[in-house]
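Presented below is the structure to which this report refers.
The values are calculated or read from the model by the stated rules, or taken from the named source; none is laboratory data. Fair warning: this is a prediction, and the values are worked out from it, not measured in the lab. Because the Cβ atoms are built from the backbone with ideal geometry, glycine has one as well, and the counts that use them run over all protein chains shown. The accessibility values were calculated without ligands, DNA or RNA, using every heavy atom of the protein model including side chains. Shrake-Rupley method; radii C 1.70, N 1.55, O 1.52, S 1.80 Å.
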Amino acid sequence: MMNRLISWACAALIVLSSFTVAIESAEAHGERAQMPQLRMRSVHWFDVNVSTVDMQINDIVKVTGSFMPSKYWPEHVQSIEKTAFLNIGVPGPSFVRLDSRVNGVPMIRSTAFMKGERYNFEVTLKARKVGRYHVHPVINVEGTGPIIGPGLWVDVGGDEAAFENSATTLLGQTIDLETYGLRNAAFWSALWFVIGLAWFAYWLSKCPIVVPRFKRVDELGVVNADKIITTTDRRVGFVFLVLTLSLVTGSYMYTQEKWPITTPLQTGKVEVPPLEAESMPLKVRLTDARYRIPGRSFRMELEVTNSGDSPVTVGEFAAGNLRFINSAVLQVTPKDEDDLIAADALRVEGGSVAPGETRTIVVYADDALWETQRMTTMIASPDALVAGLLFFFDANGERYPVEVGGMMIPEFV
Amino acid sequence: MSQELTVSAVRSTAEQHRVHVQVDLLAIPLVVLLFAAVFSFQFALLVGDWDYWIDWRDRRWWPLVTPLALTILPAVFSYFLWERLRLPLAATLTILALTAAAWVSRYLNFHLFANFPMNMVWPSAYIGLGLIVDCILLLTGSFFWTGLLGGFAFAVLLYPMNWPLLAPFQVPLELHGTMLTVSDLMGFEYVRTAIPEYVRIIEQSTLRTFGEAVTPLTAVFAGFLNIMNFWFWTWIGYLGSKALWIRKIV
């Protein structure tokens, strides 16, 4: 008896733990599945924020931030400079997207983004379904797929039945986008169902049909098999044919009368000018990059030239949506439990770079995030190139984002 | 010496009638379910998004791709049901089964599970196309004429048959300085992370069209293609009904 109880308890434990595993993997929703070198060398996202994390149905949330397509974009991946679309990563239409802009340009259609340029985005969403959602900005690149940005959790509560989403057509009609046109589509579909079922019923009325007709056709042979078709069958067929053609013609004419003004589906590309380049007093060259696997430590040797008038130092290194912060320069707190920030994981050797000086500094980004976010498989890359965004800060707190990239050497011991 | 006796299990005409009815009761629902399953799978593979979303039903690709894919099973099964049972029913029945399965799937999967509003994902109306093919087959008794007239009409009439359902969604409106149709607006607002705007395979320009007659030209072109398409798939039905491959195996 005791053994049986223990067996049942073990079985229940296994089932429960499998649920836990399933829930955990569902929360990850795929960001970590993308190859690290693609994450590091496609789009650098930064300053991603949501205007609220707790909202009700019909409330508005704005997802804002900036991104920079990498200058080290992989050769084998179709370029973001051809066709791309700013999207939002949420589970289905849990929100409706009211507006989406990059550098102020509406992003209803697709566009192209230039490598090395900076873009600010703002997406306005309206809550539609109750739940807890990890909201990500996403850039879909044609031929490449979705390049997902950092996600933040947003809670939506309230009454889904109260959701409203209307629009006004150019003919002045205000429509409810949740239900518009459905009754009409259902009516015509039902009408065709009735006619189709009537045709089916006519032949079913001759039941039994399978065996007797099979035998009769077999007896009559191919040449005489048409004798099985009666005059009534032909008359009914003629009536249905005329009815069908009349209904198609009549309904088409009725529709033309009712909706005389329509336009074809709209598509095309829009142009988004990049932000005007800010004055950049820094020149940074990555001279050596090594990833030490046992210590989960990324080491970069950088040659920095400061032509500005204030000393600068590295405050942050961002790569593949992970942020490594130098706490001596910058205090950053994670916005939620899944905000991928290592708040005290960036160490800089060589100090700040004085105005007019060229100096070699060494930056260490050491954190378990490399491992937990599956970035360590960067050593499996076929070209062993890495890239990331360094944020330098001057004495006045002015921030200078600079992209660095180059070859990476793994260290195994 | 043993003597083989063949004794029928059916002893009267009434009993035979009952058996035949029972065969119908078993076979017909199974065939309808089979049609629904096979057609749903085949249609999802070959047409897919063009039928799933209203912002994919354009004037150029949807009326061309859809009839070519939609003709396959009606043509194959028309041959079988006509040659073996003289039943001009396959086109209507397959499309009825497909449409019924599509409504169930859109409601359960797209609307209830994935949360898209039903008016964004309703299935198109194709049942009338099946009726035209079946009636022409019944009246002519010929696959040649059915292909020529029915196959052509099948593709030509797809767009006008759906226009009463579709027209309200192609009314223009303005969003942030851009003109859109109601369909485009729904495609933009109801977020589909995996379906960015550029993925839609829809008409992109008017340079290659003849005046403004985009839809009629596409429909007539699709009609001509569909004549051969119908004949080809009827021929496949002919091969299938002979079941040569079974004889080779057995």
For this session: Treat each spin label as a single point 7 Å out from the Cα along the C-beta direction, and report the A:Gln256 to B:Phe144 distance in nm.
Result: 3.5
Seminar exercise, completed: With all protein chains present and a 1.4 Å probe, the order of A:Ser94, A:Ser166 from largest accessible area down is A:Ser166, A:Ser94
Problem set entry | Assigned charges on the beta-carbon of Lys, Arg, Asp, Glu; chain B dipole about Cα centre (debye) | 760
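What does the helix-only formula give at 222 nm for chain A: each DSSP H stretch with n ≥ 4 adding -39500 (n - 2.57), the total divided by the residues, and the result rounded to the nearest 500 deg cm²/dmol?
Computed ellipticity for chain A at 222 nm equals -8500 deg cm²/dmol.
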Problem set entry | Derived scalar couplings ³J(HN,Hα) [the range A:55-65; Karplus, 6.51 cos²θ - 1.76 cosθ + 1.60; whole Hz; x for Gly, Pro] | 9, 10, 3, 6, 6, 9, 10, 10, 9, 10, x
Problem set entry | Amide N proximity, the range A:127-152 versus A:Gln56 label position 7 Å along Cα-to-Cβ, cut-off under 18 Å | A:127-132
Problem set entry | Inter-centroid distance (Cα atoms) of the range B:21-48 relative to the range A:72-133, Å | 41
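Could you order A:Glu117, A:Glu276 so the one with the most accessible surface comes first? Probe is 1.4 Å.
Sorted descending by solvent-accessible area, the residues read A:Glu276, A:Glu117.
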Problem set entry | Cα shape, the range A:261-413, gyration tensor, a/c 1.5 rule | oblate
Seminar exercise, completed: Checking B:Glu212, B:Glu83, B:Glu197 against a Gaussian network model of chain B (alpha-carbon springs below 10 Å), the top fluctuating residue turns out to be B:Glu212
Seminar exercise, completed: Helix B:72-85: inclination vs chain B longest Cα principal axis, degrees, rounded to 10, gives 20
For this session: Return the sequence-ordered ³J(HN,Hα) values of the range A:376-388 in whole Hz as given by the Karplus equation 6.51 cos²θ - 1.76 cosθ + 1.60 applied to θ = phi - 60°, using x for Gly and Pro.
Result: 5, 6, 4, 6, 8, 5, x, 10, 6, 9, 10, 8, x
Exercise. Relative to a virtual label point 7 Å from the Cα of A:Ser246 in the Cα→beta-carbon direction, which members of the range B:131-162 show backbone nitrogen distances below 16 Å?
Worked result: B:132
Seminar exercise, completed: Note, the range B:113-129: 3J(HN,Hα) by Karplus (6.51, -1.76, 1.60, θ = phi - 60°), whole Hz, Gly/Pro = x, goes 7, 8, 6, 7, x, 4, 6, 9, 10, 5, x, 6, 9, 10, 4, x, 5
Seminar exercise, completed: In degrees, nearest 10, the alpha-carbon axis of helix A:2-28 is tilted away from the dominant principal axis of the alpha carbons of chain A by 80
Problem set entry | Accessible area of A:Phe187 in the full protein assembly, 1.4 Å probe (Å², nearest 10) | 110
For this session: May I ask which residue of A:Ser110, B:Ala153, B:Ser105 lies farthest towards the positive end of the charge dipole of the protein assembly as shown, with charges of +1 (Lys, Arg) and -1 (Asp, Glu) on Cβ and the Cα centre as origin?
Result: B:Ala153
Exercise. How big is the accessible area of B:Tyr79 in square angstrom, nearest 10, if you roll a 1.4 angstrom probe over the protein chains?
Worked result: 30
For this session: Could you pull the accessible area for A:Lys227 with a 1.4 Å probe, rounded to 10 Å²?
Result: 140
Seminar exercise, completed: With Cα springs under 10 Å, the Gaussian network model of chain B assigns the largest mean-square fluctuation among B:Phe43, B:Phe116, B:Phe143 to B:Phe116
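Round to the nearest 0.05 the FRET efficiency obtained for B:Glu212 and A:Val239 when R0 = 56 Å and r is the Cβ-Cβ distance.
0.95
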Problem set entry | the range A:179-258, dipole about Cα centre (Lys/Arg Cβ +1, Asp/Glu Cβ -1), debye to the nearest 20 | 140
For this session: Show A:His76, B:His17, A:His44 ordered by accessible area, largest first, where the area counts protein heavy atoms only and the probe is 1.4 Å.
Result: A:His76, B:His17, A:His44
Problem set entry | Förster radius 25 Å - calculated FRET efficiency between A:Ala368 and A:Ala33 (Cβ-Cβ, nearest 0.05) | 0.85
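Determine the relative contact order of chain A: mean sequence separation of Cα pairs under 8 Å and six or more apart, normalised by residue count, in whole percent.
Value for chain A: 16 percent.
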Exercise. How far is helix A:231-258 tilted off the main Cα axis of chain A, in degrees rounded to 10, range 0 to 90?
Worked result: 40
Seminar exercise, completed: Candidates A:Val248, A:Val284, A:Val102; GNM for chain A (alpha-carbon contacts under 10 Å) flags as most fluctuating A:Val248
For this session: Extending each Cα 7 Å along its Cβ direction at A:Ala201 and A:Glu301, get the distance between those two points in nm, one decimal.
Result: 8.6
Problem set entry | Rounded, prolate or oblate (a/c below 1.5 giving rounded, otherwise prolate when a/b exceeds b/c) for chain A by Cα gyration tensor | prolate
Problem set entry | Point-charge dipole on Cβ atoms (K/R +1, D/E -1) for the range B:18-123, about Cα centre, debye to 20 | 200
Exercise. How many nm separate the modelled label positions at B:Phe80 and B:Leu25, each set 7 Å beyond the Cα in the direction of the Cβ?
Worked result: 2.4
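Tally up the carbon and sulfur contribution to the accessible surface of the protein assembly as shown as a whole percent, 1.4 Å probe, everything protein left in place.
61
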For this session: Mind scanning A:Lys215/B:Lys248; A:Lys206/A:Lys227; A:Lys62/A:Lys335; A:Lys71/A:Lys335; A:Lys82/A:Lys269; A:Lys62/A:Lys115 and naming the pairs with a C-alpha gap bigger than 22 Å?
Result: A:Lys215/B:Lys248; A:Lys71/A:Lys335; A:Lys62/A:Lys115
